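Below: one structure, written as structure tokens.
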Amino acid sequence: MAEPFTSTSIATIIASLILLLVPISYSSPFITDGSRDSPIPQSDIDLLEFPLNLEYLEAEFFLYGSMGQGLDNFAPNLTMGGPKPLGAKKANLDPYTRDVIKQFAWQEVGHLRAIKNIVQGFPRPLLDLSTKSFAKTMDAAFGKRLSPPFDPYASSLHYLIASYVIPYVGLTGYVGANPKLQAAASKRLVAGLLAVESGQDAVIRGLLYEHALIRLHPYGITVAEFTNRISNLRNKLGQEGIKDEGLVVPKKLGAEGQIRGNVLAGDEYSIGYARTPEEILRVVYGSGNESTPGGFYPKGADGRIAKSHLQHS
């Protein structure tokens, strides 16, 4: 006759079952090579959470621009209750551009899900995607007030120029983060995100390059000059030299010093530039200071890295 379970044996069984239910680390369901079983260190978690700030920004800008609604309508669970973006709206896009931007929008939703499959993340920060916010950025880029104020939602070309402002910053952040990551799952995630962010940036630059010499109405300023001014502003705000280049550059800055056309930005070896989180905050805040919020993040970015600088402000 079988021995009855004692209170001790029952407790042991329950404890064993509980241990089986406890995850050993953050992990992604698409990791299939065994690396999901490796613990992700806190330093990786910080570096993976930081770009959520930019992924939220891109997702909302592209969703609203192409469809007139944002994450609150299409993926409310991803916002984690964060505040609704300020001033975002549907752009006046031609069918081709709208289709491209809509694809970008859904890709950004996927990026948010991918990151949150590995780290807990944080609620969507307050984002300022208003015409006023973009106009302020353009005024800073040109060192004067444009008249009328730049409206990113006015036309396809306006919207593409505004889009030039956003994905590339995140791209340089992924390049900068990659060598600092330790866990295999972290490296795989960032490599995958970087691949698609680079593709988005290439498409935006390619579409703009096709119109590089077109003068944007009513300013009489070429598209190429807009990109050059935006890139120069980001270099100035980042404070770490040239890490940004427009569509037409001095020949010495072109690929192998042989050409002025610059449909893809890269260093002297045509390798992507890298930025630190601090440089990125200086740029997206528009303040040149990682401790002074503003720009697209009126109340600052979120995550341990960004908050560590806000505490010093």
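The values are calculated or read from the model by the stated rules, or taken from the named source; none is laboratory data. Quick caveat, the model's predicted, so the values are computed rather than measured. In this analysis, Cβ positions are derived from the backbone assuming ideal geometry, glycine residues included, and neighbour counts consider all displayed protein chains. Calculation scope for accessible area: heavy atoms of the full protein, side chains included, ligands and nucleic acids excluded. Shrake-Rupley method; radii C 1.70, N 1.55, O 1.52, S 1.80 Å.
Helices meeting the span-like rule in the chain (full DSSP H runs, Cα extent of at least 18 Å along the helix axis, mean Kyte-Doolittle score of -1.0 or higher): 7-21, 52-67, 95-116, 184-209, 223-238.
With a probe of 1.4 Å, find how much accessible area the chain has per residue, and write the answer as a whole number in Å². Write down the numbers at each step before the final one.
On the way: 14760 Å² over 313 residues.
Averaged over the residues of the chain, the accessible area is 47 Å².
Within the stretch 126-144, whose backbone N sits under 17 Å from a point 7 Å along Cα→Cβ of Lys307? In the stretch 126-144, the label zone of Lys307 (backbone N under 17 Å from the point 7 Å along Cα→Cβ) covers 126. Once backbone amide H atoms are built at 1.01 Å from N, Ile221 has Leu216 as its partners under 5 Å, excluding neighbours fewer than 5 places away on the same chain. Size of the chain: Rg and Dmax of its alpha carbons, in Å, are 22.2, 95.
Estimated from helices alone, the mean residue ellipticity of the chain at 222 nm is -15500 deg cm²/dmol (sum of -39500 (n - 2.57) over DSSP H runs with n ≥ 4, per residue). Each Cα pair under 8 Å and six or more residues apart adds its sequence gap; the mean of these over the residue count of the chain is a relative contact order of 18 percent. As a fraction of the 1.4 Å probe accessible area of the chain, surface on carbon and sulfur atoms comes out at 57 percent. For the chain, a simple Cβ point-charge model (Lys and Arg +1, Asp and Glu -1, everything else neutral) yields a dipole of about 800 debye relative to the Cα centre.
Let me know the shape class of the stretch 91-162, please: from the alpha-carbon gyration tensor, a ≥ b ≥ c as square roots of the eigenvalues, rounded when a/c is under 1.5, otherwise prolate if a/b is greater than b/c, or oblate. List each step's numbers first, then the result.
Numbers: a/c = 3.35, a/b = 1.53, b/c = 2.19.
Taking the square roots of the gyration eigenvalues as a ≥ b ≥ c, the stretch 91-162 is oblate.
Here's the list of lysines a cross-link from Lys243 could span, going by alpha-carbon distance under 30 Å and ignoring same-chain residues fewer than 8 apart: Lys102, Lys116, Lys132, Lys136, Lys144, Lys180, Lys187, Lys251, Lys252, Lys299, Lys307.
The amide H of Tyr297, built 1.01 Å from its N in the peptide plane, has Asp128 as neighbours under 5 Å, considering only residues 5 or more places off or on other chains.
With every protein chain in place, what's the accessible area of Lys116 (1.4 Å probe, Å², nearest 10)? The accessible area of Lys116 comes to roughly 40 Å².
Its alpha carbons give the stretch 41-84 an Rg and a Dmax of 12.2, 39 Å.
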